[in-house]
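To keep things clear, I will list the structure first and then write my remarks on it.
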Amino acid sequence: MAVVEPAIDRAEKAAGDAGVSVDWRAVDLAVDPPEPGAYDLVSLQYPALRHDAGDRLIRSIVDAVAPGGTLLVVGHSFDSVDGHHHPHFDPADYVQPPDVADLLGDGDGDGWTIEVHEVRPREMPEGRQGPNVPDVVLRARRDG
C-alpha cells in the first residue's frame, strides 16, 4: 500500500464528515505537474520532495495556487529536536516548509500573504514509538 493511500482515506472521511466535497489527487509531480493557478487549496503534508535544479517541483506546487487561494505546507521541525536522525536521511536534501516560505518572499507585497509560519508541538499517536517531533506549519494566501 502506498504511503499516500491511508492519508487520502482519512482526508476523504474527514471531508465527508464535514459535508464538503474535495477533488483529491495523488500524482507524481515530476511526471504530471499541476496546472498553474488552478487550485483554491494546495496542501503539501510531510513532503518527501528532494531539492532539484531550481526547485522546479516545489515551484510547480506553489504556482498551482489560484489567486485568492491557500497554500498549506506542514513538515517536521528537525531543528527543534536533538538527536532525531534517520540513517541515510538528511532533511536538508528535501524541501521543508521554510524553503517554501523563502520562495514566497517575505509575504508582504510579493504576491503572497503569509498567514501562519510557526512551529507547533505534535505528540506521537498512542501505540506508536518514537520521539515527539514538532511540526512547522506554513499557511499562505496568494494575493489576487
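Rule-based calculations on the coordinates, nothing more; no lab input. What you see is a predicted model, and the numbers here were worked out from it, not measured in a lab. Note: ideal-geometry Cβ built from the backbone for every residue, glycine included; neighbour counts use all protein chains shown.
If both residues of a DSSP beta bridge must be in the chain, then about 75% of such bridges are antiparallel.
In the chain, which longest range has no trypsin sites (Lys or Arg not before Pro) that are both DSSP loop (not H, G, I, E or B) and surrounded by at most 11 other Cβ atoms within 10 Å? Here the longest segment lacking exposed loop sites spans 26-127. Starting from the Cα of residue 41, move 7 Å in the Cα-to-Cβ direction to define the label point; list residues of the stretch 102-144 whose amide nitrogen is under 17 Å from there. Zone members listed by number: 115-116, 137-142.
So for the stretch 27-131, averaging the separation of alpha carbon pairs under 8 Å that are six or more residues apart and normalising by length, what relative contact order in percent results? Once normalised by length, the contact order is 25 percent.
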